[in-house]
Each structure stands twice: as structure tokens, then as C-alpha cells.
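**Q** I have a structure here, written as C-alpha cells, and I will follow up with some questions on it.
The values are calculated or read from the model by the stated rules, or taken from the named source; none is laboratory data. All values reported here derive from a predicted model rather than from experimental measurement. Heads up, the Cβs are rebuilt from the backbone with ideal geometry, glycines too, and the neighbour counts pull from every protein chain shown. These accessible areas exclude ligands, DNA and RNA; they are computed on the full protein's heavy atoms, side chains included. Shrake-Rupley method; radii C 1.70, N 1.55, O 1.52, S 1.80 Å.
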Amino acid sequence: MKKTSKTPLISVIIPFFNTGLSLEGLIKQISKICPDAEIICVDDKSTDGSLARIKKLANDKVHVIAQKKNQGSAAARNRGITEAKGKYIVFLDSDDFIRDDFFEKMLSCINEAALGVCGIRQIFLKDNKFVDKFTKEPKARNPKDNWREYILKSMFNGAELYSSVNKIYLGDVIRENNLRFDEKLNFAEDTKFVLDYLACFDDDAKINFVCEPLYFYNYGTNTSVVADSSLRWENWQKSYDDIIAWLGRESDGGSRVISRRELRLAKKLRTRFKISHLLAVARSKKSREEKLKYVNKFELLLGELVLKIR
């Protein structure tokens, strides 16, 4: 990838906390496969020497920023956004890695699109197994669906849009609309950011997909433990409430009328959230007694049954 201007083609934003070793490898990989990328590493007040380790890699392409206090990944990503100058923006997690053709295929993917999305390989470190997700072509958009109906249907049919890391964004859209991750949330803040981003586009926009696992998510690291936040239904309800608020808000901050069709699709999505919540509780490593603090006996049995069928 040849440099064509002083403005970097891609800004890669990576928050990190006590993950210096894995991040070092990720930085070296990015520098090799996309040497002109602007790499912005934001330390969330690491306590194990990770900051000093990454500072040694700093140069005109690798920028290392230290937060004054631990504020979480949302705040770290937001700090990275304020520094990013790239035409495109990519978010990565410091304990994951990417396929060597990630940038090449993602750049082709976002051509003439609002957003580029790729598949994910979820690697279970404990069992040394993996599963590939989002590698099937999503359902085609119904020409009768408006932009938000299409997004709601996509969220109901699959989970490609929920995460922030398997995507490539238009940098100017993020900057011009002052988009940020909600630092008050500890659940589904990625989803809210993606929806806020997509709300900036009109009905003629499109999402392009690379149905290959270009992003490798390491499940089982110290930083990838499923948080208790996913076990609390009120967090899923809050995410649904945010979607309703998103449906009723124009990109410029004004209000819009939510159609009956949009509301019906949103309610279907809430049903999906309910099932996802039951599965999160059922598959957690907590005792049965602890699980019953989050769901009733019938709901837990239902969640366990669905897991067995899967």
C-alpha cells in the first residue's frame, strides 16, 4: 500500500490494559501488512509494565497515548478517535489479531459503501478449538425496506453488526458527526456506536460484507471473560431502549416518527435479546443457585435446552 498523501489511509485504534505482549505482536503484524497505517494505541492505565513495553515501539506511525486513569475501553477508543486522521478508521482489541489480508479486503469491502463488515474466527484458547462466524452471505436487502428497517432486520437475522471490531468505517463521518462510544455503558456500547454511525446515512446507503474470518477473536484471555453485565436483563432492556431512541432520532439530533413497521421489527429484535440473555445465563460458569438470581427456573431450563439443541 503506497502512501499517496500526508493523510493516512487508515487509522487503527487499539485500547490496551495489561496486554503489552499480545499488542506488541499485533503492532508488528499491522506494520508489516499495512506499513502506511496510523496505529493509535491508548493505554488504559496498565499496571504491569505494558505501557513501557509499547512505548518502545512508538514512531511516526505508531502513536502511544497514556490515559491518566483507568476509564475502560470506551473512553480509550474515544481518545483514539480524537487523534485519528485517517480516511478510514478501524478498531481492534489488543489481545486479538487479524488475518494478513485484513486491510486489503476491508478496503475493497467499503468501496462505495457506508460500512464494511468481515467474518470473525472465535478461538477458544482453553480447548484449542475455533468457530467461524458471519461467513455466510447475509440476506439481501428488500427494496421495500428503508435504511433503518434493513438494519433492524440485519440485527435480527444475524449478529454481524453488534461488535465494533470487525468493521471499517469512514473517518470523516465519525469526525463530522462527533461520534463517540458511550462511556456510561458497560454493556452493548459497541452496538450503540455502530447504530449511531449508521444513522448518519440515507436510504440509498449500503453495507458490504466480506464473508471470511479476517478478524481472530481470542476467547479465554484475562480480558475476554464474559462479564456479569451480560447476565443482567436490565442491560439488554437498556440496549433495546437505546434502539427505540435511535429509531426516533434523526442524524442531526432532531426527531422522526417511528413507523409501525419499524416498531414491529424492533419488538422482534427484543425477543432475540431475550433469548440471547437466557443463553448467556445458561452458559455462564456460575452455580445454578447464582443463575436463578438472573432468570426463573423455567427460563433457565429453556436456555439449557436451546444450548443442547445447538
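**Q** Projecting each Cα onto the charge dipole of the chain (Lys/Arg +1, Asp/Glu -1 at the beta carbon, about the Cα centre), which of Ala75, Leu170, Val131 comes out farthest on the positive side?
**A** So the residue we want is Val131.
**Q** Which value at 222 nm does the chain reach when only helices count, each DSSP H run of 4 or more adding -39,500 (n - 2.57), with the total divided by all residues and rounded to the nearest 500 deg cm²/dmol?
**A** Counting only the DSSP helices, I get -12000 deg cm²/dmol.
**Q** Mind checking the stretch 50-82 for trypsin sites (Lys or Arg not before Pro) that DSSP puts in a loop (not H, G, I, E or B) and that have at most 14 other Cβ atoms within 10 Å?
**A** In loop regions of the stretch 50-82 (DSSP not H, G, I, E or B), the sparsely surrounded trypsin sites (Lys or Arg not before Pro) are Lys56, Lys68, Lys69.
**Q** For the stretch 16-27, in order, what is each residue's ³J(HN,Hα) by Karplus, 6.51 cos²θ - 1.76 cosθ + 1.60 with θ = phi - 60°, in whole Hz (x at glycine and Pro)?
**A** For the stretch 16-27, the Karplus-derived couplings read 8, 8, 6, 10, x, 5, 5, 5, 4, x, 5, 4 Hz, x marking Gly and Pro.
**Q** Among Lys133, Lys184, Lys45, whose mean-square fluctuation peaks in a Gaussian network model of the chain (Cα, cutoff 10 Å)?
**A** Lys184
**Q** Taking amide H positions as placed in the peptide plane 1.01 Å from N, state which residues far from Ile65 in sequence (5 or more) or on other chains have amide H under 5 Å from it.
**A** Close amide H contacts, sequence-distant or interchain: Cys41, Val42, Asp43.
**Q** Moving to a separate point now. Build a GNM of the chain with springs between Cα atoms under 10 Å: which of Val257, Val12, Val165 gets the top mean-square fluctuation?
**A** Val257
**Q** Provide the three semi-axes, in whole Å and in decreasing order, of the ellipsoid equivalent to the stretch 34-190 as defined by the square roots of 5 times the Cα gyration tensor eigenvalues.
**A** Semi-axis lengths for the stretch 34-190 are 28, 19, 17 Å.
**Q** Moving on to the next point. Of the listed values [x] 95, 53, 34; [y] 56, 46, 35; [z] 68, 64, 32, identify the label whose number matches Cα extents along the principal axes in Å calculated from this model.
**A** Looking at Cα extents along the principal axes in Å for this model, the match is [y].
**Q** Collect residues whose amide H, placed 1.01 Å from N in the peptide plane, falls under 5 Å from the amide H of Ile10; neighbours closer than 5 in sequence don't count.
**A** Glu38, Lys87, Tyr88
**Q** If you build a Gaussian network model of the chain, linking Cα atoms that sit under 10 Å apart, which residue out of Ser259, Ser22, Ser276 swings the most?
**A** In the Gaussian network model the winner is Ser259.
**Q** Oh, and also: Through the Karplus equation 6.51 cos²θ - 1.76 cosθ + 1.60, θ set to phi - 60°, convert the phi angles of the stretch 33-48 into ³J(HN,Hα) values in whole Hz; use x for Gly and Pro.
**A** Whole-Hz 3J(HN,Hα) from phi for the stretch 33-48: 8, 9, x, 8, 5, 8, 9, 10, 9, 10, 7, 9, 6, 4, 10, 10.
**Q** Moving on to the next point. Report the accessible area of Leu170, computed with a 1.4 Å probe over the heavy atoms of all protein chains in place, in Å² rounded to the nearest 10.
**A** My reading of the accessible area for Leu170 is about 40 Å².
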